1. Averaged over B:62-75, how many beta carbons belonging to a partner chain fall within 10 Å of each residue's beta carbon?
2. Considering chain B as a Gaussian network with a 10 Å cut-off on Cα pairs, which listed residue, B:VAL278, B:VAL340, B:VAL239, attains the greatest mean-square fluctuation?
3. Enter the mean projected area of the convex hull around the alpha-carbon atoms of the protein assembly as shown, in nm², rounded to one decimal.
4. Which of the residue pairs B:LYS201/B:LYS384; A:LYS201/B:LYS48; B:LYS189/B:LYS247; A:LYS2/B:LYS206; A:LYS103/A:LYS168 have a Cα-Cα distance greater than 28 Å in the structure shown?
5. Who wins for biggest fluctuation among B:ASP75, B:ASP363, B:ASP175 in a Gaussian network model of chain B, springs between alpha carbons below 10 Å?
6. Assuming R0 = 60 Å, what is the FRET efficiency of A:SER44 and B:TYR133, from their Cβ-Cβ distance, to the nearest 0.05?
7. Using a cut-off of under 20 Å, list every residue of segment B:257-296 whose amide N is near the label point 7 Å from the Cα of B:GLN387 along the Cα-to-beta-carbon line.
8. Can you tell me what share of the DSSP beta bridges in segment B:16-254 is antiparallel? A percent to the nearest 5 is fine.
2 protein chains.
Amino acid sequence: MKTVYVDNNATTQVAQEVLEVMLPYFKGRYGNPSSMHSFGGNISRDIKKAREQVAAMINASPSEIMFTSCGTESDNTAILSAIHSAPDKKHIITTRVEHPAIKNLCEHLSGQGYRTTFVPVDNKGRLDLDFLYNCLTDDTVIVSVMWANNETGVLFPIEEISRVMAEKKIFFHTDAVQAAGKVPIDVQKVRANMLSISGHKIHAPKGIGALFIRKGTRFSPFLIGGHQENGRRGGTENVASIAGLGKATELAVQHLEEETVEVSRLRDRLEAALVRDVPSAIINGDRENRLPGTTNISFEYIEGEAILLMMNELGICASSGSACTSGSLEPSHVLRAMGVPYTAAHGSIRFSLSRYNTAEEVDYIIDNLPPVIARLRNMSPFWKGQQVAAKA
Amino acid sequence: MKTVYVDNNATTQVAQEVLEVMLPYFKGRYGNPSSMHSFGGNISRDIKKAREQVAAMINASPSEIMFTSCGTESDNTAILSAIHSAPDKKHIITTRVEHPAIKNLCEHLSGQGYRTTFVPVDNKGRLDLDFLYNCLTDDTVIVSVMWANNETGVLFPIEEISRVMAEKKIFFHTDAVQAAGKVPIDVQKVRANMLSISGHKIHAPKGIGALFIRKGTRFSPFLIGGHQENGRRGGTENVASIAGLGKATELAVQHLEEETVEVSRLRDRLEAALVRDVPSAIINGDRENRLPGTTNISFEYIEGEAILLMMNELGICASSGSACTSGSLEPSHVLRAMGVPYTAAHGSIRFSLSRYNTAEEVDYIIDNLPPVIARLRNMSPFWKGQQVAAKA
């Protein structure tokens, strides 16, 4: 069966070029970079190169890049480092639409003597900046705001927020897991203290991430062990994946323009056709400030899970909300924060495209999804009730 | 140049069979196991299989295995979970010869309101069990004792210790990173609450580990995020490496007997020849209870680093102490804990063999190392002084 994979915010395929960079480490090049012998020691040069590649993607200095095991580890490290570096302060600020790696950690810390403010968003998923700025206090230890929302693709004004925080000397972290490699990031302009990156969202393998730590920012290690990563993270370096992440960031920079233009065009074509062909299809989130490849569409009065299952039969792989929160019957916390009505939030589908998607794939979805929605609605008492009410 | 890699306690080559299991995930099989669609969802079956394979190696139940990003993360998780699960208790017991992933974390916690007892070892690296049992208090929150020492290969009587701790209902963790896959481990006999495993010590890739968490043991997550690993560790699963670790543990079980017999034989042959051909060569650690492939030999009155550099010229890759502590000019904390004199500790070399080493490689070392030692000693004022003193 044909597979049309439009779930790239959940995870991406490893680029062929990335795999080629990784393979030598699974064959002859297996030394430990901490070893004294050149068989291992030479490998530290490869890590240095990858660090330069990742740094280049965000205009950082290589010494400001620390490799981690994933975006979640980057996020956890940033938050915990900030609070351990300023133990007298007990107020955390984040948003109501963060990824679980931030949201669940902040909720956990709320049970540990911390007070967390979750800044709301409006019905387009835009952050309430006045609310954010007004809740800053002398007790605020960290402000953590995601760059791009994983479910809607909505981009927050991180540059502006970071400048305000830099002026007020408040520690600022941004979870850029969905943004890095998809939109331009320049840490010379964005004054974040820390910034999280994940490999598997940008065609590197799963199990590798990075954390930007601005020079001069106090740091408290999360993983404590050996002297690796300049004493900032214990544990033997995941050399193959580090090299893969380096290559993936280099490719992301090369493809950034294409991704913005081509992937946006495909996404817009999909979106326009679905809104045209399916009644009561609503696009969730600010269409002006969005990731190029993401669209989140509510098909009112039917269940997202039912849509996903029927799409699955057709080989179309998308998602309802985040993979990291799937399995829950509750509608997405992101859409609830946006005030999307229950009847629409339950029927929301995220399509997330990458540079590997084609116009043919988009057309396949355009041809096949509207009849699926129609069929499901024919079985939905909510939809029928709605139609009767509309006619009355 | 010929490469003779005898640094397998630092890291190992990925087995060909392991690479074959991993490759599909870097190609078409890239879905996120948390996804609703079968393209991703099918992959959770592969994780289930790997969990069964790892569990089988230590006779655990699959639900008792949690995947981590490395041995250091497994160790950190165990210690922090234990102390967070019993916040009123403030006494940690470990040994003076642990890996930095335990040692440095415990030293860090000592600055955070915890009291740590480091149990000593004798001159053969054997743990002082009376000391250990006598320092247990009602305030003891965790006892963490490594299974096999990474520098000397000395095995501690973990089964006995675990029984004592189980009787006294004291949380017991063992860092089995160097032991797992090299000696038999049966968690039905060894009553540890948690046990750490690392992939890259047993021919799986770097960047993957596991933690055994006995059923009924309270657990507090280290990485907080999504619902992965049964809610015990956030972060998208590193599927390729998880599958690789599963295969590597299966291979380890298959090769365990061979490894014990053949690898011990090679190690013994190397050891006997070096002690025979090099004056003042001293084997460090208990030869009765040791890993099959490890020998730690002190070549008195010369510097280990000089030996390593000259071996490196010959393509022989070994190490002085642990890769995770290399770069330090201090002699190994393990050898110091054993009371090895400074003049010997500084000249200690660890040879660690795997099933991939051959008799020819061992002979190459036997033929080439003694002249290197002789040459270095000819340049060593300490050695010359010693010779003069001996003749006087």
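None of the figures in this text is laboratory data; all of them are computed from the coordinates on show. None of the values given here were measured: they were computed from a predicted structure. Glycine gets a Cβ as well: all are built from the backbone with ideal geometry, and neighbour counts include every protein chain shown.
1. Taking all residues of B:62-75 together, the mean is 4.
2. B:VAL278
3. Result: 34.8 nm².
4. Details: B:LYS201/B:LYS384 39 Å; A:LYS201/B:LYS48 23 Å; B:LYS189/B:LYS247 24 Å; A:LYS2/B:LYS206 34 Å; A:LYS103/A:LYS168 24 Å.
As for pairs spanning more than 28 Å Cα to Cα, those are B:LYS201/B:LYS384; A:LYS2/B:LYS206.
5. B:ASP363
6. For A:SER44 and B:TYR133, the calculated efficiency is 0.90.
7. Counting only backbone N, you get B:274-282.
8. Once the DSSP bridges in segment B:16-254 are tallied, antiparallel ones form about 45 percent.
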